[in-house]
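Rule-based calculations on the coordinates, nothing more; no lab input. Keep in mind that what you see is a predicted model, and the values were worked out from it rather than measured. Counting neighbours? That spans all protein chains shown, and the Cβs are built from the backbone with ideal geometry, glycine included.
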Amino acid sequence: MKSSSPATSRRHTVIEELKGILVFIGFIWLVFILDRFLPLEKLALYPRNVAGLPGIMLSPFLHKDLPHIVSNSVPLFVLLALLAGSRADSRKVILSIIATSGGLLWLFGRSLPVVGASSLVFGLIAFLILSGIRERRGIATSVSIFVGLSYGSTLLAGIIPGQYGISWDGHLLGAIAGGICAWLFTLR
């Protein structure tokens, strides 16, 4: 029996994880609907504020309006499907990106409340690009190139400071978290 290390792989397929992807995105939509009736926005991430600590893990499930949740849902579905086809443990990668980007944002983010799954989206973009480069396998490299071509300009445009109503710092720190996770969880 092989010992388990941070970089061990878990064999899985997109089809096997499709239900989990749909449940995850469905849960984000359920929270969005509930937030119309309940004050869930109080669970946002507030940098360097003790009241904002729950937001480290919960803010990716909160969205301010319909265009916001739609703009996160589509790339989230695509990137989660690509992640499901990788050798990485999808759940561990997702939770690690959320926790790392949220923690970094809580420590270093601008003093504004943060909601939305875009830090996870940017983390997944960085993870898929860097893990494909690191693994040096045909499929992983192809995914890396596809994600780079499809989302590279979004990644670069999303981290430019000074965009009104955009958490560019959340995007940047999400990408950094994805890079850290790729380094830690990718087999060489």
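For the chain, take the longest principal axis of its alpha carbons; what is the angle in degrees between that and the long axis of helix 118-135, to the nearest 10 within 0 to 90?
20
Using unit Cβ charges (K, R positive; D, E negative) and no other charged atoms, how large, in debye to the nearest 20, is the dipole of the chain about its Cα centre?
About 560 debye.
Hey, with R₀ at 41 Å, roughly what FRET efficiency would ASN49 and ILE145 work out to, going by the Cβ-Cβ distance, to 0.05?
0.50
Along the range 33-39, what does the Karplus equation 6.51 cos²θ - 1.76 cosθ + 1.60 (θ = phi - 60°) give for ³J(HN,Hα), rounded to whole Hz, x for Gly and Pro?
In residue order, the calculated couplings are 5, 4, 5, 6, 10, 10, x Hz.
Provide the three semi-axes, in whole Å and in decreasing order, of the ellipsoid equivalent to the chain as defined by the square roots of 5 times the Cα gyration tensor eigenvalues.
Gyration-tensor ellipsoid for the chain: 27, 18, 16 Å.
Taking other Cβ within 10 Å of each residue's Cβ, how do PHE61, PHE24, PHE77 sort, fewest first? Before the final figure, lay out the partial values.
Values: PHE61 24, PHE24 20, PHE77 15.
The most exposed by this proxy come first: PHE77, PHE24, PHE61.
Of LEU149, LEU82, SER131, which is farthest along the charge dipole of the chain in the positive direction, counting Lys and Arg as +1 and Asp and Glu as -1 at C-beta?
Positive-most Cα among the choices belongs to SER131.
With each label point set 7 Å from Cα along the Cα-Cβ vector, what nm distance links TRP29 and LEU95?
My value for the distance between the label points is 2.6 nm.
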